[in-house]
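The structure appears below as structure tokens.
The values are calculated or read from the model by the stated rules, or taken from the named source; none is laboratory data. Computed from a predicted model, the values in this text were never measured in an experiment. Positions of Cβ are generated from backbone atoms using ideal geometry, with glycine treated the same way; all protein chains shown enter the neighbour counts. Only protein heavy atoms, including side chains, enter the accessible area calculation; ligands, DNA and RNA are left aside. Shrake-Rupley method; radii C 1.70, N 1.55, O 1.52, S 1.80 Å.
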Amino acid sequence: MKKVKGYKCIICDSEFSLDDIEYVCKNCKGNLQVTYDYHFIKENLKKSDFAENKDYSIWRYTNLLPVENISRKPIVQIGCTPLYKAERLGNKLGIKNLYIKDEGRNPSASLKDRPGAIAVANALERGEKIITCASTGNAASSLSCLTAALGLKTIIFIPETSPVAKIAQLLVFGAIVIAVKGTYDDAFDLCIKATEKYGWYNRSSGYNPYTREGKKTCAFEICEQLSWECPDKVFISVGDGNLISGVWKGFVDLFEIGFIDRLPQLVSCQSENMDAINRAFKSDGVIRPVKGETIADSISVSFPHDGDAALKAINGSRGFAISVSDEQIVRAIPELARETSVFGEPSGVVPFAALKKAIGEGKIKEDEKIVVLVSGNGLKDINSAMKSVGQPLKIKPDLIELDKIVSRDFV
Ligand SMILES: *Cc1c(COP(=O)(O)O)cnc(C)c1O
Ligand SMILES: [Zn+2]
């Protein structure tokens with residue numbers, strides 16, 4: 001592959017060729033980053049190519065992805081999710097240019113379809129037959145969705161506490177589901193051991209270098225949707241830290257090939273109960289495991305598996321970190337929905353809750369271009385959504401009863 005140079009270790013900077021390595025650095029076990037020949041890409045790719053490109057999915061960016069001629073790929077449409085200008089919410093918050101990227105519009109209803117697609121493409125290129133993944137829920141439900149129509153066997157490790165809608169997705173798509181009596185971190189460790197023992201292909205985030213490459217397509221889309229303008233700040237939900245490092249990689253790729261002339265600040269948004277990355281960012285830069293629980297299950301991570309890459313993204317972008325409470329997260333679900341028509345799962349609205357906090361702390365200027373990434377759909381976790389909205393009004397099918405309510409509540 002001419003466009004791809006190889007891998008570089010996030011920790012020790014060792015470089016490897018593509019066939020040299022399976023997942024992590026041979027020298028220090030650090031996570032790997034795919035490196036590109038930006039000069040070659042620049043020569044072969046122009047902005048005008050995109051204006052003519054009718055492929056409205058992540059594959060429109062194949063020139064910037066570590067895949068060659070994809071003969072088989074998932075048949076569902078991944079990416080090209082809408083970027084909405086949220087005028088009403090912006091007015092309320094005092095921000096002139098507020099945008100919402102609705103990642104819940106992906107096939108399995110979260111942004112995990114982006115990394116899943118690239119990992120699956122890689123598994124197919126390698127001729128793998130069995131693919132496995134540890135997940136809080138969304139990475140797995142996505143993988144099961146994408147592999148279903150490809151006939152790949154999929155073995156999933158999740159914590160038994162995953163929201164039921166995500167477990168339903170796994171079972172409906174036909175994955176073999178192993179619900180681990182423990183945390184996501186426990187499921188992750190078991191999945192790695194299984195990979196080493198049985199030789200399955202492992203798609204887990206913060207281990208497989210291709211997931212970051214999928215997540216970066218989110219940044220490509222944001223810039224293209226803003227007519228190749230770079231936003232000022234992007235608010236991102238952070239668990240393992242693979243998403244924020246992926247989004248950063250996407251902006252850097254576009255900068256290196258000259259498609260954008262500056263870089264945005266990335267804001268790392270976590271639950272204050274599980275914020276290992278934000279704590280490290282605010283102190284000595286060393287990631288330490290945290291103990292706690294959060295309603296934001298998709299970012300409920302004790303020891304982040306891509307923490308160092310995430311810190312590089314926050315620091316490299318001159319960004320900052322905001323942690324929010326579970327109460328703020330739960331309240332953010334209906335507030336975002338009522339102002340923008342976008343219904344996010346708890347982890348999906350964490351960036352919005354963090355934006356409000358950042359405004360309160362005076363960190364946002366009124367004319368900045370702000371993007372809030374809503375990473376997963378609200379239907380993924382109904383129980384959490386119901387915590388903040390009360391119950392419907394129940395009556396007999398009778399106009400007189402209805403009239404009592406209307407005259408009491410609506411006029
Ligand atoms: C996975 C996920 C995230 C965070 O991604 P990390 O790479 O774990 O930091 C955020 N929101 C949702 C909905 C997710 O599924
Ligand atoms: Zn290394």
request  = Kindly indicate whether S17 is among the hydroxyl-bearing types (S, T, Y), away from ligand 1 (no atom under 16 Å from the Cβ), without any contact (Cβ under 8 Å) to a residue 12 or more places away in the chain and open to solvent by 60 Å² or more (accessible area, probe 1.4 Å).
outcome  = no
inquiry  = Filter the stretch 358-400 down to the residues that are under 20 Å from A296 (Cβ atoms), open to solvent by 90 Å² or more (accessible area, probe 1.4 Å) and not aliphatic (A, V, I, L, M) and list them by number.
reply    = N383, K387
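Does G307 satisfy the condition of being in the same structural domain as V324 (by TED's automatic domain parsing), more than 16 Å from ligand 2 (Cβ to nearest atom) and open to solvent by less than 40 Å² (accessible area, probe 1.4 Å)?
Numbers: in the same structural domain as V324 (by TED's automatic domain parsing): yes; more than 16 Å from ligand 2 (Cβ to nearest atom): no; open to solvent by less than 40 Å² (accessible area, probe 1.4 Å): yes.
Criteria not met by G307.
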remark   = The residue from G94, G104, G30 that alone is open to solvent by less than 70 Å² (accessible area, probe 1.4 Å), more than 16 Å from ligand 1 (Cβ to nearest atom), touching a strand residue (DSSP E or B) at 6+ places or on another chain (Cβ under 8 Å) and at pLDDT 95 or above is G30
request  = Could you tell me which residue of the stretch 233-256 is nearest to G137 (Cα to Cα), considering only residues that are of a type in the set (A, V, I, L, M, F, W, C) and open to solvent by less than 10 Å² (accessible area, probe 1.4 Å)?
outcome  = V238
key: Count of the stretch 1-14 residues which are within 16 Å of ligand 2 (Cβ to nearest atom), part of a loop (DSSP other than H, G, I, E, B) and open to solvent by 30 Å² or more (accessible area, probe 1.4 Å)   = 3
request  = Check K356, K404 and return the single one that is free of Cβ contacts under 8 Å to residues at least 12 places away in the same chain, basic (K, R) and assigned to a helix (DSSP H, G or I).
outcome  = K404
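Tell me which strands (runs of 3 or more DSSP E) are completely within the stretch 162-279 and hold 3 or more residues being under 19 Å from I314 (Cβ atoms) and modelled with pLDDT of 95 or more, or say none if there are none.
Here the list reads 233-237, 265-271.
Looking at S204, is it touching a His at 6+ places or on another chain (Cβ under 9 Å), of a type in the set (G, A, S) and closer than 28 Å to L266 by Cβ?
Numbers: touching a His at 6+ places or on another chain (Cβ under 9 Å): yes; of a type in the set (G, A, S): yes; closer than 28 Å to L266 by Cβ: yes.
When the stated conditions are applied, S204 passes them.
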request  = Please verify whether the stretch 142-150 includes one or more residues that are closer than 26 Å to V238 by Cβ and either at pLDDT below 95 or open to solvent by 30 Å² or more (accessible area, probe 1.4 Å) (or both).
outcome  = no
request  = Specify which of the listed residues (I118, I58, I75) is open to solvent by less than 20 Å² (accessible area, probe 1.4 Å) and away from ligand 1 (no atom under 14 Å from the Cβ).
outcome  = I58
inquiry  = Based on this model, can you work out whether I192 counts as open to solvent by less than 30 Å² (accessible area, probe 1.4 Å), among the β-branched types (V, I, T) and either farther than 22 Å from A121 by Cα or out of contact with any helix residue (DSSP H, G or I) (no Cβ under 9 Å at 6 or more places or on another chain) (or both)?
reply    = yes
